[in-house]
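Each value in this text was obtained by applying a stated rule to the coordinates, not by laboratory testing. It should be emphasised that the depicted structure is a prediction, and the values quoted were computed from it without experimental measurement. All Cβ positions, even for glycine, are placed from backbone atoms using ideal geometry, and neighbour counts span all protein chains on display.
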Amino acid sequence: MGTGHYSSRTYNAVTSARNYGSKSANQIFSDSLKDTMNPALLKNGMRECRDSADHPYSVPVMVFVDVTGSMGQIPYHLIQNKFPKMMDTLILHGVNDAQICFGAIGDHISDNVPLQIGQFEQETTKLVDSLADIYIEGCGGGQAMESYPLAWYVAGYHTSTDAYEKRGMKGFLFTIGDESFHPDYNGRFIQNMMGMKETPANYTAEQLYNAALEKYHVFHIHVEDGSYESSYIEDKWKKLLGERFLVLKDSDNIAELIGTTVSVINGADMDKILKSFDNATASNISTTLAKIDSLVPDRYNNGSSVITL
C-alpha cells in the first residue's frame, strides 16, 4: 500500500472510462459494506502508512466523510470532479508523499454501518477505487449527532505510520459533516464493530480525540450548506477542538481546503496556494483557515491573520 504515484491525467482517464460524470451516486458507490472498508477485517487490526521507494517520507492523510442523509453528496462530488483539486494542491506545494485513507462515518446508535475505513494509498486508480468502495448508507438517527469520534478511535488505536514512529511527525485526520457528535462509546459496541476478541474500555469523545491527537493533526470540517445550522452544534465542537473546528461555507471547496491545510502545516506559502484558486474559492478557504495560527510554521505566523488575499 502507498506505492505508485498520483496523476490527474490518469484520474481523468479512469473516471471518464467509468462514465462517472454521468452516473448517479447509486451507480458509482458500493451498495453494501465492502470487505475493503470493513473495520472488523483490518489485517492484524491495523491500517498502515509506510515509507516506500516511491514515497520515502510518507504523510498520512485520513479523510472521513459523513454518509448520512444529505451528506452523501460530498463523496459524490469528490469522485466526480473535485478529488484532483486536493491531490494537485498537495503535490504542487511540496507534499509529494501524501498517502490518502478514505473512510466514512454514520451513526452508531441507529445505523448498520457506522464506520468504514480504507487503505492508505497514492496510486491514482487505487485512490479512485477506495473512494468508490464507500457505502453511502444514508440514514442517521435524527438527533443532530453522528459518530465522528469513531474516526478518532480507529486513528488513535488502529493505525501505524512511519511518519510518527520513525520521524515523530503527525499525520492529518479530517472528518466532514454538518452535525454534532455523540459523547459516549460503549466498549462492547466497539468490540463488535472491530471484530475484537476482548472488550475494550468505554470511551468518551474527548478520550478518543486525545488518542487521535497524539499521532494526527485532527480537524473537523463543518459544512454550512448541510442540513443543520445551529449555534449549539458549533459551540460543542469548538469546546472540544478549538481552532481545529473548521467552518466551511461551501462544501464544494472541501478538496481545496484539505489540500491547503495539509500543505500549509507542512510549510507551504498560504498566499501562493490561494492565488492558484479562483477568487470565490480563495475567499472561502481564507475565511475558514483564518484562525489556525498556532498550527502554522513560525515563518508564516506573525501574530496577524494567517492568510492575506
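Any idea what the relative contact order of region 1-115 is, in percent, if you count C-alpha pairs under 8 Å spaced at least 6 apart?
Once divided by the residue count of region 1-115, the mean separation gives 32 percent.
Using label points projected 7 Å from each Cα along Cα→Cβ, tell me how many nm separate residue 18 and residue 112, to one decimal.
2.2 nm
Taking springs between alpha-carbon atoms closer than 10 angstrom, which of 291, 126, 166 fluctuates most in the Gaussian network model of the chain?
Residue with maximal mean-square fluctuation among 291, 126, 166: 166.
Region 36-132: which chymotrypsin sites (Phe, Trp or Tyr not before Pro) are DSSP loop and have at most 16 other beta-carbon atoms within 10 angstrom?
57
For residue 280 paired with residue 295, estimate the spin-label separation in nm (one decimal), with each label point 7 Å from Cα along the Cα-to-Cβ line.
Placing both labels 7 Å beyond Cα along the Cβ direction yields 2.6 nm.
Spin-label point model (7 Å from Cα, Cβ direction): what's the residue 36 to residue 249 distance in nm?
Going by the 7 Å Cα→Cβ label model, 3.7 nm.
Figure the gain on full extension for residue 234 and residue 44 (residue separation times 0.36 nm, minus the Cα-Cα span) and round it to one decimal in nm.
Full extension of this stretch gives 64.7 nm more.
Just tell me which aspartates and glutamates come within less than 16 Å, Cα to Cα, of residue 236; anything on the same chain fewer than 8 places away is out.
146, 178, 179, 184, 206, 224
What Rg and what Dmax come out for the chain when only alpha-carbon atoms are used, in angstroms?
18.0, 53
Could you put 11, 232 in order, starting from the residue whose Cβ has the fewest other Cβ atoms within 10 Å?
By the 10 Å Cβ count, ascending: 232, 11.
All other residues with a Cβ under 13 Å from the Cβ of residue 154 taken together, and with Lys, Arg as +1 and Asp, Glu as -1, what is their net charge?
Overall, the nearby charge balance is +1.
Which percent, nearest 5, of DSSP beta bridges in the chain are antiparallel?
Percentage antiparallel, nearest 5: 20.
Holding the Cα-Cα limit at 28 Å, pick out from 215/238; 215/291; 23/275 the pairs that are longer than that.
Listed pairs above 28 Å: 23/275.
For 124, 3, what's the fewest-to-most ordering of other Cβ within 10 Å of each Cβ?
So the ranking, lowest neighbour count to highest, is 3, 124.
Would you mind calculating the gained length between residue 27 and residue 158 on full extension (0.36 nm times residue separation, minus the Cα-Cα distance), in nm to one decimal?
That works out to 44.1 nm of additional length.
Considering Cα pairs under 8 angstrom that are at least six residues apart, work out the relative contact order of the chain and quote it in whole percent.
Answer for the chain is 20 percent.
With a/c under 1.5 counting as rounded, go ahead and sort region 1-142 into rounded, prolate or oblate using the C-alpha gyration tensor (a ≥ b ≥ c being the square roots of the eigenvalues; past the cut-off, prolate if a/b is larger than b/c, else oblate).
oblate
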